[in-house]
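Please treat every number below as a calculation from the coordinates, not as lab data. Since this is a predicted model, take the numbers as computed values, not measurements. Here the Cβ positions follow ideal geometry from the backbone for every residue, glycine too, while neighbour counts run over all protein chains shown.
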Amino acid sequence: DAGVTQSPTHLIKTRGQQVTLRCSPKSGHDTVSWYQQALGQGPQFIFQYYEEEERQRGNFPDRFSGHQFPNYSSELNVNALLLGDSALYLCASSYHTGELFFGEGSRLTVL
Amino acid sequence: GENVEQHPSTLSVQEGDSAVIKCTYSDSASNYFPWYKQELGKRPQLIIDIRSNVGEKKDQRIAVTLNKTAKHFSLHITETQPEDSAVYFCAACDSNSGYALNFGKGTSLLVTP
């Protein structure tokens, strides 16, 4: 079992650019959540996808969007990048019980 | 929305001592309270969780207590070991609205030999 896998692991972008991050959930999981973790902070909930629809959303602007595919994998898109978007982006998958399994994250640096 | 406060932000103990981390939450609808351990450069990993129908849960050297009336919950680690050194996060959510966890800011635990 590969667990939750994310790509890319690291990336550097400049202000105003767009980025797409990818996540494959743990085998058997159908729900994917995305979190933003700034340096020295706890993860902040961005949104959650279930059955290819956004089920819940945290306090993030519309520049943050996502998608879930029929195979339960997911993408996080961020448009018009700001310096403040620099963070570790964590994907977590789950199935009903709520226990979240996190991936290793994608570290985004915006210059 | 839910607000989770976590204290202390840093904690240093000697090997073999106990460590206690405390969290408070604001939303009375919250009913699921997990604790995550995150080692440097690694992903958060669930170490223990508790639901609102239980007051205490224990797993070997780790225990969690929940006081619904006071809206606070605590993590207790006994007989600490150097490998317990990490950042610990508490979280809370209303499972009936989906498991959108609200995390505390973390406690950096250092266990010195």
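Listed values, structure above:
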item: Residue in the range A:45-54 that is of a type in the set (A, V, I, L, M, F, W, C), surrounded by fewer than 18 Cβ atoms within 10 Å (Cβ to Cβ) and not in a loop (DSSP other than H, G, I, E, B) present; result: no
item: The listed residue being surrounded by fewer than 23 Cβ atoms within 10 Å (Cβ to Cβ) and in contact with a helix residue (DSSP H, G or I) (Cβ under 9 Å, 6 or more places away or on another chain), out of A:Gly40, A:Gly66, A:Gly98; result: A:Gly98
item: Single condition A:Ser93 does not satisfy, out of (1) of a type in the set (Ser, Thr, Tyr); (2) over 26 Å from B:Lys37 (Cβ atoms); (3) buried (at least 21 other Cβ atoms within 10 Å of the Cβ); result: (2)
item: Those strands (runs of 3 or more DSSP E) lying entirely in chain B with at least 3 residues within 12 Å of another protein chain (Cβ to nearest Cβ); result: B:4-7, B:32-38, B:45-51, B:86-92
item: Residue list for the range A:73-91, restricted to those being among the hydrophobic types (A, V, I, L, M, F, W, C) and closer than 11 Å to A:Thr109 by Cα; result: A:Leu81, A:Leu82, A:Leu83, A:Ala87, A:Leu88
item: Neighbours by Cβ (under 7 Å, 6+ apart or cross-chain): first from the range B:4-19, under 21 Å from B:Phe73 (Cβ atoms); second of a type in the set (D, E, K, R) and outside any strand (DSSP E or B); result: B:Gln6/B:Lys105; B:Ser9/B:Lys105
item: Within the range A:5-43, tally of residues that are assigned to a loop (DSSP other than H, G, I, E, B) and over 30 Å from B:Pro8 (Cβ atoms); result: 13
item: Count of residues meeting criterion [within 14 Å of another protein chain (Cβ to nearest Cβ) and either among the basic types (Lys, Arg) or farther than 23 Å from A:His96 by Cα (or both)] in the range A:31-77; result: 10
